[in-house]
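Below is one structure, written out as C-alpha coordinates; the observations come after it.
The values are calculated or read from the model by the stated rules, or taken from the named source; none is laboratory data. This one's a predicted model, so the numbers in the text were calculated from it and none came from an experiment. Counting neighbours? That spans all protein chains shown, and the Cβs are built from the backbone with ideal geometry, glycine included.
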Amino acid sequence: MHIQKRYLFLFLLILGTEIGIALWSNHSFVRGFLGDVLSVILLYTFLKSFFKISVPKAILLCFSIAFLIEMAQFFGISEILNIQNTVIKTILGSTFDYFDFVAYSFGALLVFIFERNWNFKIS
(Lines give C-alpha, C1' and ligand atoms only; values in the text may rest on other atoms or scores of the structure.)
Protein backbone atom coordinates (compact mmCIF):
# COMPACT_ATOMS: atom_id res chain seq x y z
CA MET A 1 0.00 0.00 0.00
CA HIS A 2 1.40 3.36 -1.07
CA ILE A 3 0.30 6.40 0.93
CA GLN A 4 -0.66 9.41 -1.16
CA LYS A 5 0.70 12.27 0.95
CA ARG A 6 -1.29 15.09 -0.65
CA TYR A 7 -4.56 13.29 0.02
CA LEU A 8 -3.48 12.39 3.55
CA PHE A 9 -2.61 16.03 4.22
CA LEU A 10 -6.00 17.16 2.91
CA PHE A 11 -7.72 14.45 4.97
CA LEU A 12 -6.04 15.63 8.18
CA LEU A 13 -6.82 19.27 7.38
CA ILE A 14 -10.51 18.51 6.73
CA LEU A 15 -10.69 16.21 9.76
CA GLY A 16 -9.45 19.06 11.94
CA THR A 17 -12.04 21.36 10.37
CA GLU A 18 -14.83 18.84 10.98
CA ILE A 19 -13.77 18.38 14.60
CA GLY A 20 -13.72 22.15 15.02
CA ILE A 21 -17.21 22.42 13.55
CA ALA A 22 -18.47 19.67 15.85
CA LEU A 23 -16.95 21.23 18.96
CA TRP A 24 -17.38 24.95 18.45
CA SER A 25 -19.98 25.76 15.82
CA ASN A 26 -23.65 26.18 16.57
CA HIS A 27 -24.43 27.95 13.31
CA SER A 28 -27.00 25.90 11.39
CA PHE A 29 -25.45 26.51 7.96
CA VAL A 30 -21.92 25.63 9.08
CA ARG A 31 -22.86 22.63 11.17
CA GLY A 32 -25.84 21.42 9.16
CA PHE A 33 -24.74 22.02 5.59
CA LEU A 34 -21.02 22.75 5.37
CA GLY A 35 -20.22 19.88 7.74
CA ASP A 36 -22.11 17.48 5.47
CA VAL A 37 -20.41 18.83 2.35
CA LEU A 38 -17.04 18.31 4.02
CA SER A 39 -17.96 14.81 5.19
CA VAL A 40 -18.01 13.51 1.61
CA ILE A 41 -14.72 15.25 0.87
CA LEU A 42 -13.27 13.83 4.10
CA LEU A 43 -14.26 10.29 3.12
CA TYR A 44 -12.86 10.83 -0.36
CA THR A 45 -9.48 12.11 0.81
CA PHE A 46 -9.22 9.25 3.32
CA LEU A 47 -9.98 6.68 0.64
CA LYS A 48 -7.56 8.21 -1.87
CA SER A 49 -4.85 8.43 0.81
CA PHE A 50 -4.57 4.67 1.09
CA PHE A 51 -6.18 3.05 -1.94
CA LYS A 52 -5.48 3.29 -5.65
CA ILE A 53 -9.00 3.82 -6.94
CA SER A 54 -10.23 5.88 -9.85
CA VAL A 55 -11.72 9.29 -9.16
CA PRO A 56 -15.25 8.44 -10.40
CA LYS A 57 -15.36 5.18 -8.39
CA ALA A 58 -14.07 6.92 -5.26
CA ILE A 59 -16.62 9.74 -5.59
CA LEU A 60 -19.45 7.27 -6.11
CA LEU A 61 -18.35 5.15 -3.16
CA CYS A 62 -18.11 8.16 -0.83
CA PHE A 63 -21.48 9.51 -1.93
CA SER A 64 -23.00 6.05 -1.45
CA ILE A 65 -21.61 5.78 2.08
CA ALA A 66 -23.02 9.21 2.94
CA PHE A 67 -26.37 8.21 1.42
CA LEU A 68 -26.47 4.97 3.43
CA ILE A 69 -25.64 6.78 6.66
CA GLU A 70 -28.44 9.27 6.00
CA MET A 71 -30.87 6.42 5.33
CA ALA A 72 -29.75 4.81 8.60
CA GLN A 73 -30.70 8.08 10.28
CA PHE A 74 -34.11 7.92 8.60
CA PHE A 75 -34.71 4.47 10.07
CA GLY A 76 -33.30 5.46 13.48
CA ILE A 77 -30.50 2.90 13.44
CA SER A 78 -28.78 4.44 16.50
CA GLU A 79 -31.91 3.88 18.57
CA ILE A 80 -32.63 0.45 17.09
CA LEU A 81 -29.11 -0.75 17.91
CA ASN A 82 -29.11 1.15 21.21
CA ILE A 83 -25.79 2.81 20.40
CA GLN A 84 -24.45 4.64 23.45
CA ASN A 85 -20.94 5.53 22.24
CA THR A 86 -20.85 9.30 21.61
CA VAL A 87 -18.28 9.10 18.82
CA ILE A 88 -20.25 6.49 16.88
CA LYS A 89 -23.48 8.41 17.43
CA THR A 90 -21.80 11.55 16.09
CA ILE A 91 -20.52 9.72 13.00
CA LEU A 92 -23.90 8.13 12.31
CA GLY A 93 -25.79 11.29 13.14
CA SER A 94 -29.21 11.36 14.67
CA THR A 95 -31.41 13.60 12.54
CA PHE A 96 -32.59 12.72 9.06
CA ASP A 97 -32.84 15.64 6.66
CA TYR A 98 -33.58 15.47 2.93
CA PHE A 99 -31.42 18.57 2.46
CA ASP A 100 -28.38 16.52 3.53
CA PHE A 101 -28.54 14.76 0.16
CA VAL A 102 -28.02 18.17 -1.47
CA ALA A 103 -24.97 18.74 0.75
CA TYR A 104 -23.55 15.31 -0.12
CA SER A 105 -24.12 15.94 -3.83
CA PHE A 106 -22.42 19.33 -3.55
CA GLY A 107 -19.44 17.73 -1.79
CA ALA A 108 -19.13 15.09 -4.51
CA LEU A 109 -19.36 17.79 -7.19
CA LEU A 110 -16.64 19.84 -5.49
CA VAL A 111 -14.35 16.81 -5.43
CA PHE A 112 -14.95 16.21 -9.14
CA ILE A 113 -14.28 19.86 -10.00
CA PHE A 114 -11.18 19.94 -7.84
CA GLU A 115 -9.78 16.77 -9.39
CA ARG A 116 -10.55 17.93 -12.90
CA ASN A 117 -9.20 21.47 -12.61
CA TRP A 118 -6.04 20.73 -10.68
CA ASN A 119 -4.92 18.03 -13.12
CA PHE A 120 -5.18 15.17 -10.71
CA LYS A 121 -5.48 12.04 -12.77
CA ILE A 122 -9.13 11.25 -13.47
CA SER A 123 -9.54 7.73 -14.79
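Quick look at the values:
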| item | result |
| --- | --- |
| Only listed residue being touching a Gly at 6+ places or on another chain (Cβ under 8 Å) and charged (D, E, K, R), chosen from E18, E79 | E18 |
| Filter result (modelled with pLDDT under 95 and buried (at least 18 other Cβ atoms within 10 Å of the Cβ)) within the range 37-63 | V55 |
